[in-house]
Structure formats: structure tokens, C-alpha cells
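To start, the structure under review is shown below, and the notes come after it.
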Amino acid sequence: MTFDLFMRLLPLKLALASLKRNRGRSLLTVLGIVIGIMAVITVMSAGDSLHVYLVDQIQTFGTDLIQTEIKVPNTGHTSTQNVQGLAMGIQVTTLTLNDMAEINKLPNIKSSYATVLGQEVISFENENKQTLIWGASASFDQIDASEVAEGRFFTDEEDKGLAQVVVLGSTVKEKIFGEKIALGEMVKIGKIKFRVIGVMQKRGSIAFFDMDNMVYLPVQTLQKKLMGINHVVSITSQVYDKNLFDETSAEINSLLRQRHDISTDNKDKDDFNVMTMAEALDIYNTIFGALNLLLAAIAGISLVVGGVGIMNIMYVSVTERIYEIGLRKAVGATSANILWQFLWEAIVITFFGAMIGFLFGVALAFLIAFGASILGFSWRFVVSPQSVMLAISASLGIGLIFGVWPALAAAKLEPVTALRKSK
């Protein structure tokens, strides 16, 4: 090793030697960075995993669908005001099966099904269960990805004839019948008896709806015999050509405004909202992009706290080693040598903290994904390269920024002043 190379590496060697001498203090400083990196990796991984989960849930309904749903007038497209209004009990009763029939006449519409949701107690012998009732058109069976495991789905004739038939979700079947055969049995929903004609395959939770904990009725049976209504909550339409999404969406908007006597100049009065799957995905991507930035900023606060810890420890280190600094300068060390010695200490602490924090963060993110999968969610383990680069680069930057002031303070000390202060 040449003398020049030795002199270049000397600040790093001295920094490592100093960190070894003060192991307890060094470990506490590293801990601040570890917690910061772990928080950033875990939070961003959880955000990415949730994003992937919800996108997958949307896509399970199909990528060739257009959703038309009720909307409280004077609330914006996808506005939270609409959700709040519906949650507060505002009823929108203008979307009907006749609207669906007209939508089905549009050239790019292959088929549609209408949906009404309710809640009732389903009972068989001594077993009772409060469950969600999903009223749907018979075409639900062809459009939706759900499949019947036993028996069959109801027909369009049964829907129009207000037939008292029901298809059970797998969880409902297990709760009510156990190991018994459910097909052909009579169950009571509310005060009305229904004949079980089918049991759905297990599907799990989709967009936080447990599809297995539902019972499926013909939509008109649910409307007339259980709920006493004429409207529907949503109409899901399948298209022939996904490239014509925008044109088809515009046609549905124009058709429903005409049918609901809404002027094209006063779109705020729309009592419906039309959304394609592509638009839904764009909205989710926008929301989660902003959410991830917010989560990263919140988790980044712990990195700043770790950086402040580095600065404090480094200032203490400078104060304790004034004599060493003065002696080194007296025998020829330059201000740059002293600066780099203390900067290397901050860099080494930050680097090891970042590596350990990364490992702990990945492990914690994996445990979250594993726990979610145990609970029945199709939760993927996701650690994006962007989150890793952001966390590590931020930690190294913070280490340099918060380490430079103590290092500069040490480098500026004059030899005589430093030796005098150390006495």
C-alpha cells in the first residue's frame, strides 16, 4: 500500500476505530436510522400491497365492464359527498330495470345485469344467520366471474316471474346446512320461504365484500317481495369492444340524461354515475400514488429524528475528542482530514443502519402479507425498488447532512485552541 493511499484511507480507519471504542453510543445512533428505514420500507410496502390488492379485486370483476350506479345529484364524479349522502339515507330511486333494457340496445353493449343489495335473516330449522342479500339479474351468471359449485343459477324467466328461489354463498351454506345437502331445501328469508337451487363456489373477499357470505336472489323477487321498491342500485354492462369504452360511456350518459329529463347543460343534476373499469383503475392509481407519498413523508419523520440523533452524538464526539483533534492538527493533519474522519463516522453509522433497517422492514412487510393471507385476503408481498432506493438514499443523505455540521465544527478547530480547551 502506497503512502498516498494510506493517507486517503486513514480518516476511514480512524472513524471505524472510534466507533469500535464507543460501541454502546454507536449502536444507539444506528438504532435511530434502523427504525426510520424500517418504517419507510414497511409503510410503503403495505401501501403498494394494498394498491395491488385493490387493483386485482377490480380486475376480477372483468376489464370489459362499464358500471352505472346511483348518485346523489349535485355531487361530483366519484365525489365523497355522494358516498356521504347515500350513507346518510338519501335515496336515489330513478335508476330502473327499464334503464338497463335501453342500455342493452346500445350497439357496443353485449349484456347487462342490475343489482340491488339488502340485509335479512336467513333461517333453516334451528339455524339463523344475518346475511347480505344480493339481488341480481339472471345475466349475472354469464358476466361475473363467480361460478356455481352445486345446482344452478336462476333463469331470466324465474326473475321475471318473481320466483322464490335462492343461490347460497358457500359460507352461508356451511353455516345453515353444515354437511347436509342444501339443494331442494326450503329456507326462510325474512318471512318468505325460498327453495335452494344452487350453491356458489368459494371466492373470498372482493373489495372488502365477502362474496361467500351472501345469498343471491332474482333482482325482481328481491324488489317486489322483500324490499317493496322499483329501483336498482347499479347496472353492470359488458361491452363487445373495450377500445370503444369512451364512446359507449358517453352514449350511456346521453341515454340516461334523456330518460331522466336531465339537461346536458346541467350535468350536476345527474342522478347516476357511469364509470369504466379503466377509469376506476386510474382513480385508484391516483389515490394510492398520493397516499404512498403521504405515508412515506410520515415515515420519513423518523428518519429526520434519526438524523438529529446522529448530529447530537457527533457533537458529543467532537467535544470529547478536542484534544485528539488538536494533537492531529499539530502533527500535520489538515482540516480536510479531520472533516472526513468525522464524516466517515456519520456515513458508516447511516450505512449500517440503512442495511439493518432494510432487512427488518422487508421482514415486517412479509409478516404483514403473511398475516393478511391467513385472514383470507389475496395480499401480495410487494417491496418496490423505488421504495428501497428512496429509503436508502434518504438515509444516506440525512447522514451526510446531519453529520457535516459536527464535522465542520471539528475541522475548524485551531490546534492551539483545541489543546487549550482540552485541559
Approximate spin-label separation Glu102-Met355, in nm, with each point projected 7 Å along Cα-to-Cβ: 6.9 nm
Please compare each pair in Lys110/Lys202; Lys105/Lys224; Lys225/Lys267; Lys71/Lys225 to a cut-off of 29 Å on the Cα-Cα distance and tell me which ones are over it. Lys225/Lys267
Within the range 132-196, which trypsin sites (Lys or Arg not before Pro) sit in a loop by DSSP and count at most 16 neighbouring Cβ atoms inside 10 Å? Arg152, Lys180, Lys191
Want the number for Ser254 to Asn126: 0.36 nm per residue separation, take away the alpha-carbon distance, what's left? 41.0 nm
Between Ala336 and Phe366, Cβ-based FRET efficiency (R0 45 Å, step 0.05) works out to 0.55
Spin-label model distance (nm) - Tyr284 vs Gln201, 7 Å beyond Cα toward Cβ: 2.1 nm
What nm distance separates the two modelled labels at Lys160 and Glu247, each placed 7 Å from Cα along Cα→Cβ? 3.1 nm
Take the Cβ-Cβ distance between Ser111 and Lys191 as r, set R0 to 35 Å, and report the resulting FRET efficiency rounded to the nearest 0.05. 0.55
Find out how many positive minus negative residues lie around Ala372, taking Lys and Arg as positive, Asp and Glu as negative, among other residues whose Cβ is under 15 Å from that of Ala372. -2
Restricting to DSSP loop positions (anything but H, G, I, E, B) with no more than 12 other Cβ atoms inside 10 Å of their own Cβ, which GluC sites (Glu not before Pro) remain in the range 120-179? Glu125, Glu147, Glu179
Where N is the number of residues in the range 189-231, Cα Rg divided by 2.2 N^0.38 Å: 1.36
Calculate one ³J(HN,Hα) per residue across the range 97-114 by plugging θ = phi - 60° into the Karplus curve 6.51 cos²θ - 1.76 cosθ + 1.60, and present them in order as whole Hz with x for glycine and proline. 5, 5, 4, 4, 4, 6, 4, 5, 7, 5, x, 9, 8, 7, 6, 8, 9, 9
Test of understanding: what is the full-extension gain from Leu31 to Leu400, defined as 0.36 nm times their sequence separation minus their Cα-Cα distance? 131.2 nm
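All of the numbers you see were taken from the coordinates with simple rules; none came from a lab. Because the structure is a prediction, the values reported are computed rather than measured. Here the Cβ is made from the backbone with ideal geometry for all residues, glycine too, and neighbour counts use every protein chain on show.
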